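Novice: Structure in structure tokens, see below.
Nothing in this text is a laboratory measurement; each read-out follows from the coordinates by a stated rule. This structure is a prediction, so every number in the text was calculated from the model and none was measured. Glycine gets a Cβ as well: all are built from the backbone with ideal geometry, and neighbour counts include every protein chain shown.
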Amino acid sequence: MSAPAAAPAADASAPDQTFLTDVLAGLSGDPKSLPCKYFYDAAGSRLFEAITALPEYYPTRIEAAIFRDQAEAIARFVGPGAVLIEFGSGNSEKSRVLLDACGEYVGALAAYVPQDISGPFLETVARRLRNEYPGLPVLPIIGDFTQPVTLPDLPPHRRRVGFFPGSTIGNFGPGAAAKVLRTFHDAVGPGGGLILGADLIKDGATLEAAYDDAAGVTAQFNRNLLTRINRELGADFPVDRFRHEARWNAEQSRVEMHLVADAPRTVTVAGRRFDFAEGESIHTENSYKFSRETLHALAAEAGFTIETIWTDPREQFAVAAMTAE
Ligand code: SAH
Ligand code: AVI
């Protein structure tokens, strides 16, 4: 019997068509924009990790303190023997607090499922977790959480709890945010839970500093998107000629990140030319900030009921525990 013909090998050097389509569409818009999910190549994931340690970037620190202070209550909400699914898991640092708290107060989890778009980073983190938590099934999924989630084989008849910390929900506009939470609702099923971290509205100076730190790490993170487009899509952005800007848009309750051209420039991406006027920006990210009211409305729109909202003493950040109807 002859061996079946081998499937043609994927061309690793070929540009990702979805990435290319999204970039061309974003740069053709008026105003120009790029989807923020493309920040997270290997370098972008490392830069985001560095951002979380910056003095100006308060969300990670404050959210972690809430998790520590409320560890027992959160573990009781997760419940014994549950499956924890983290969407946009990054370095899974915050999940460790939950894994430890569940172990201490209600019994170990049945499985931990980290999902992230940043594949190699996710694999490294999963390997580390397996070493540190022997006996805990760690079942990573590489994928985009804005699409329906295909879960791996999970232990049956277990409560499923989604975990979406870091205010990643803030990177979606109001309609898109509800849609994302809807996909989590489908993943955990009726009666399942979701623990959501969300940054709260505060003064503009604190917010703009958090997205424009003195050491310039956020600027590097923002510009890395252009470096990635140059490398993966054969573009010729003069990366250092685009200035990083963070703007608090109080009317829309969001911090916007922009890359602003220092002079009139023409850039080519996969053979297509894009003209920039001096001072013209590419809008690269929105980071929406919430109030208790907007959180309740968002949860309800996605089919969840909020059971509890935990905050820090200055009400800078919120962690909401909600149940899928
Ligand atoms: N949950 C972690 C990381 C938050 S950073 C924490 O709170 O610290 C946001 C993470 O979401 C990054 O790791 C990024 O790679 C991932 N991400 C961004 N957009 C995504 C998408 N559409 N699908 C899956 N993961 C995404
Ligand atoms: C991942 N996300 C919630 C971060 C945020 O705060 O919007 C990404 C980020 N952008 C700039 N700094 C951090």
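Novice: Take residue 315, project a point 7 Å from its Cα along the Cβ direction, then tell me which residues of segment 261-300 have their backbone nitrogen under 11 Å from it.
Specialist: From segment 261-300, the list is 291-293.
Novice: Now a separate question. When the Debye formula is applied to the Cα atoms of segment 247-325, each taken as the same point scatterer, what base-10 log of I(q)/I(0) results at q = 0.11, 0.14, 0.20 Å⁻¹?
Specialist: -0.52, -0.67, -0.92
Novice: Same structure again: Which residues among segment 87-116 fall inside the zone where the amide N is under 17 Å from a point 7 Å beyond the Cα of residue 49, along Cα→Cβ?
Specialist: Counting backbone N atoms under 17 Å from the label point, the list is 88-97, 114-116.
Novice: Putting +1 on Lys and Arg Cβ atoms and -1 on Asp and Glu Cβ atoms, find which of 150, 270, 257 reaches farthest to the positive end of the dipole of the chain.
Specialist: 150
Novice: Please arrange 36, 102 by how many other C-beta atoms lie within 10 Å of their C-beta, fewest to most.
Specialist: So the ranking, lowest neighbour count to highest, is 36, 102.
Novice: Between residue 300 and residue 275, what length comes free when the chain is fully extended (0.36 nm per residue of separation minus the Cα-Cα distance, one decimal in nm)?
Specialist: Stretched out fully, the residue 300 to residue 275 stretch lengthens by 4.7 nm.
Novice: Take each of the peptides 129-140, 295-306, 77-88, average the number of other beta-carbon atoms within 10 Å over its residues, and list them starting from the highest.
Specialist: The packing order, highest mean first, is 77-88, 295-306, 129-140.
Novice: Related question: With the cut-off at 15 Å, report for segment 77-126 the share of all Cα pairs above it, as a whole percent.
Specialist: Considering segment 77-126, 43 percent of its Cα-Cα pairs are separated by more than 15 Å.
Novice: Starting from the Cα coordinates of the chain, work out the convex hull volume and express it per residue in Å³.
Specialist: With only Cα atoms used, the chain gives 155 Å³ per residue.
Novice: Same structure, new question: Once the convex hull of the C-alpha atoms of segment 91-226 is built, how many Å³ does it hold per residue, rounded to a whole number?
Specialist: Measuring per residue, one finds 160 Å³ for the Cα hull of segment 91-226.
Novice: Let me ask something else about it. Can you compute the helix-only [θ] at 222 nm over the chain? Use -39500 (n - 2.57) per DSSP H run of at least 4 residues, normalise by all residues, nearest 500 deg cm²/dmol.
Specialist: Result for the chain: -11500 deg cm²/dmol, rounded to the nearest 500.
Novice: With +1 on the Cβ of every Lys and Arg and -1 on the Cβ of every Asp and Glu, and nothing else charged, how large is the dipole of the chain about its Cα centre, in debye rounded to the nearest 20?
Specialist: Here the chain has a charge dipole of around 540 debye.
Novice: Calculate the spin-label point distance for residue 179 paired with residue 28, positioning each point 7 Å from the Cα along the beta-carbon direction, and give it in nanometres.
Specialist: So the label points at residue 28 and residue 179 sit 1.8 nm apart.
Novice: Below 8 Å, C-alpha to C-alpha, sequence gap of six or more: please give me the relative contact order for the chain in percent.
Specialist: Averaging sequence separation for qualifying contacts and normalising by length gives 19 percent for the chain.
Novice: Right, next: Ranking 168, 146, 284, 268 by Cβ neighbours within 10 Å, fewest first, what do you get?
Specialist: 268, 146, 168, 284
Novice: Could you tell me how many degrees, from 0 to 90 and to the nearest 10, lie between the Cα long axis of helix 58-69 and the main elongation axis, the longest principal axis, of the Cα atoms of the chain?
Specialist: 10 degrees
Novice: Binned at 10 Å from 0, what are the whole-percent values of the Cα-Cα distance distribution for segment 1-144, short to long?
Specialist: Taking every Cα pair in segment 1-144, the percentages come to 10, 29, 30, 18, 11, 2, 0.
Novice: When 1/r is averaged over all different Cα pairs and the result inverted, which Kirkwood radius in Å belongs to segment 152-283?
Specialist: Answer for segment 152-283: a Kirkwood hydrodynamic radius of 17.7 Å.
Novice: Quick check: residue separation of residue 142 and residue 73 times 0.36 nm, minus the Cα distance between them. What number comes out in nm?
Specialist: My answer for the length gained is 21.8 nm.
Novice: Express in nm, to one decimal, how much length is gained between residue 123 and residue 186 on full extension, taking 0.36 nm for each residue of separation and deducting their alpha carbon distance.
Specialist: 20.2 nm
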